[in-house]
Amino acid sequence: MAIRPRKPEKPLTKAEQADKEAAATGGSMPLTGHLKEMRNRIAVVLIAFVACNVVLITRAQVIVGFLTDMGAAYGYTFIYISPSELLLQQFKAALTTSFIICVPLILYEVFAFMKPGLTRKEKNGIRFGLLFGVGFFALGAFFAYKVVLPFMLQFLIKQGQGTDYVASVSIANYISFLLLIFTIFGFIFEMPLLSVILSRLGILTPKIMRKIRGGAIVAIFVVAAIITPPDIFSQIMVGVPMVALYELSIGLCILFQKRRQAAEAEEEEAE
């Protein structure tokens, strides 16, 4: 009887090799393996960040022009008061834009690093948090760009009408002001997500949120007064959306509380 030659084994991919090693060690990975994986994921993020910067640094003037056009439409003129100020702001715009573009990749790499040690329920919860966290932050920044900043810039420049003052604004101060407003509203719009997370953990309930509504509204406007420029209009523009988001948070907490109670009832019936 002729002996057939043994076919050469197909080389394993990196993912298959990792699965084989994990199976051989009981699903665990040695410390050196974790450090190597962390190094690789950090390298991916850094390469992507540097690549974005290389591309965007050539378009930095366009980015700065896009931001200043918003103020110029309301009569602001922009100056730079040190020789390097404009150049530094162009670098700042490129770096900030690159970071924003890389945020989804950063979050994905963090999640992928943590994923092997998570349960299915934890994975779904983190996916939900990351997806809606990024979405709500982007929605807040967009709301600031389309609604808040136009009203705010128009209101503030009117304070100089009928006087000898001219709205000649340092380009550094202007871009810092815009970034501050974008960041504030990005985090403000995270309120519903935070409320849902606390509700699912059992820390926050709709009953508690209704009970403290009056104090919460006062606290909201105090916070608005602290984080905004010192004028009542800016405080109102921040405070009113925060109150609306607080009410939305109550509604979402009620929804998720009902879903949790329904799931618990089904589990009891199954038992």
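The values are calculated or read from the model by the stated rules, or taken from the named source; none is laboratory data. Just so it is clear, the model here is predicted, and its values are computed rather than measured. Ideal geometry is used to build each Cβ from the backbone, glycine not excepted, and the neighbour counts take in all protein chains shown.
Return a yes/no flag: does the stretch 208-219 have any residue that is of a type in the set (K, R), under 22 Å from I126 (Cβ atoms) and in contact with a helix residue (DSSP H, G or I) (Cβ under 9 Å, 6 or more places away or on another chain).
no
With the checklist (1) in the same structural domain as G71 (by TED's automatic domain parsing); (2) surrounded by 14 or more Cβ atoms within 10 Å (Cβ to Cβ); (3) out of contact with any Gly (no Cβ under 8 Å at 6 or more places or on another chain) in hand, flag the one item D164 doesn't pass.
It is condition (2) that D164 fails.
This table checks each residue for (1) at pLDDT 90 or above; (2) outside any helix (DSSP H, G or I); (3) β-branched (V, I, T).
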site: A43; (1), (2), (3): yes, no, no
site: L46; (1), (2), (3): yes, no, no
site: F49; (1), (2), (3): yes, no, no
site: C52; (1), (2), (3): yes, no, no
site: L56; (1), (2), (3): yes, no, no
site: V62; (1), (2), (3): yes, no, yes
site: D69; (1), (2), (3): yes, no, no
site: G75; (1), (2), (3): no, yes, no
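For the stretch 125-147, indicate whether the set of residues that are surrounded by fewer than 13 Cβ atoms within 10 Å (Cβ to Cβ), part of a helix (DSSP H, G or I) and in contact (Cβ under 8 Å) with a residue 12 or more places away in the chain is non-empty.
yes
What number goes with the only condition from (1) surrounded by 15 or more Cβ atoms within 10 Å (Cβ to Cβ); (2) part of a helix (DSSP H, G or I) that V169 does not pass?
With (1) surrounded by 15 or more Cβ atoms within 10 Å (Cβ to Cβ); (2) part of a helix (DSSP H, G or I) applied to V169, the lone miss is (2).
Kindly evaluate L201 against the criterion of being outside the structural domain of L153 (by TED's automatic domain parsing), surrounded by fewer than 19 Cβ atoms within 10 Å (Cβ to Cβ) and in contact with a Ser or Thr (Cβ under 9 Å, 6 or more places away or on another chain).
Details: outside the structural domain of L153 (by TED's automatic domain parsing): yes; surrounded by fewer than 19 Cβ atoms within 10 Å (Cβ to Cβ): yes; in contact with a Ser or Thr (Cβ under 9 Å, 6 or more places away or on another chain): no.
The answer is no for L201.
So which of L255, L193 ends up being closer than 21 Å to F136 by Cα, surrounded by 16 or more Cβ atoms within 10 Å (Cβ to Cβ) and either under 18 Å from the mean Cα position of the chain (by Cα) or not assigned by TED's automatic domain parsing to the domain that holds A138 (or both)?
Going through L255, L193 in turn, the sole match is L193.
Could you please find all residues in the stretch 110-153 being β-branched (V, I, T) and either at pLDDT 85 or above or not assigned by TED's automatic domain parsing to the domain that holds A73 (or both)? Outline the logic, then answer.
Of the stretch 110-153, the ones β-branched (V, I, T) are 110, 119, 126, 134, 147-148.
Result: V110, V134.
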